[in-house]
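So the structure is just underneath, and the comments pick up after that.
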Amino acid sequence: MINTILMGSFLYSGGLGRYGSYGSYGSGYLTYLIFLLPAMLLGFWAQMKVKGTFEKYSLIENSRGMTGAQAARMVLDQNGLSYVRIEHISGKLTDHYDPRGQVIRLSRSVYGSTSIGAVGVAAHEAGHAVQHAEGYAPIRIRNKIIPACNIGSRVGPLMIIIGCLMAGSMGRTLIFYGILLFSLVALFQLVTLPVEFDASNRALMAIKDSGIFDNEDYDGAKKVLSAAAMTYVAALVTTLSQMFYYATRYLGVGRRRD
Ligand SMILES: [Zn+2]
């Protein structure tokens, strides 16, 4: 994936701060914003950067006139994955590899586009297909922890909210375990980093090893994929900032109640 799904849900969960302010200092939401501001700015910058870089290289033709779909096919065939299909999908930057269906889905600006950006993104998705076929360790780890992470992302914040509303040691305990559950989200995002960086490395290696692309194609694809990688780093930083904020809430509750 080039885009990050988790990112949005975290930025929008800023509402938690309102509950966090309950019963202590009235500027809780402001405190939350101050804690989260660096991460939010990083996230915003990363999203703008990936959008801008992709748009720029979507307008530059690659030297071979190869479409994204053809580039994905090339990388797949280089790795003996002729059984993986390539389909078209609607939306923008919705490109992904579906391991269950063994199909790469490419968006309109990638599938039939002969741009440098299209080749970079398509080769990256093919990189994910190769990872799955090879049983790449971080992918296997991530698949194992996904159910727990899903619970952590839903139940964790809920426990923290309820914990902040409750008095005494019960509230404190809830916040503590809420933070612990929420840390599974950070773990998921941490394991995602090697997966994404490796898919991009495989894509760039394939572009270089094919011997048919110019340096300009390689450099452009690298810029697009590096920008995309930053969104995953930003997502992790956002989660860590939230955990840090919750931890101060936990300590704050302790100071008031003890
Ligand atoms: Zn990816």
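A short reminder: the numbers here are calculations on the coordinates, not readings from a lab. Note that the structure is a prediction, hence the values are computed from the model and not measured. Here the Cβ is made from the backbone with ideal geometry for all residues, glycine too, and neighbour counts use every protein chain on show.
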Problem set entry | Per-residue HN-Hα couplings for region 107-115 [Karplus 6.51, -1.76, 1.60; θ = phi - 60°; Hz; x = Gly/Pro] | 6, 4, 7, 10, 3, x, 7, 9, 8
Seminar exercise, completed: Listing Leu33, Leu81 by rising number of other beta-carbon atoms within 10 angstrom, fewest first, gives Leu33, Leu81
Seminar exercise, completed: In debye to the nearest 20, the charge dipole size for the chain, taken about the Cα centre with +1 at each Lys and Arg Cβ and -1 at each Asp and Glu Cβ, equals 1060
Seminar exercise, completed: Per the helix-only model, the chain has a calculated mean residue ellipticity at 222 nm (DSSP H runs of ≥4, -39500 (n - 2.57) each, divided over all residues, rounded to the nearest 500) of -26000 deg cm²/dmol
Exercise. In degrees between 0 and 90, to the nearest 10, how far off the longest principal axis of the chain does helix 28-58 point, with axes built from Cα atoms?
Worked result: 10
Exercise. HN-Hα J couplings of region 211-220 from phi, Karplus 6.51/-1.76/1.60, θ = phi - 60°, integer Hz, Gly and Pro as x?
Worked result: x, 10, 9, 6, 4, 4, 4, 4, 4, x
For this session: Quick one: give the max-minus-min coordinate of the C-alpha atoms of region 166-258 along each principal axis, largest first, in Å.
Result: 68, 16, 13
For this session: Working from Cα positions, state the angle (0 to 90°, nearest 10) between the long axis of helix 137-165 and the longest principal axis of the chain.
Result: 30
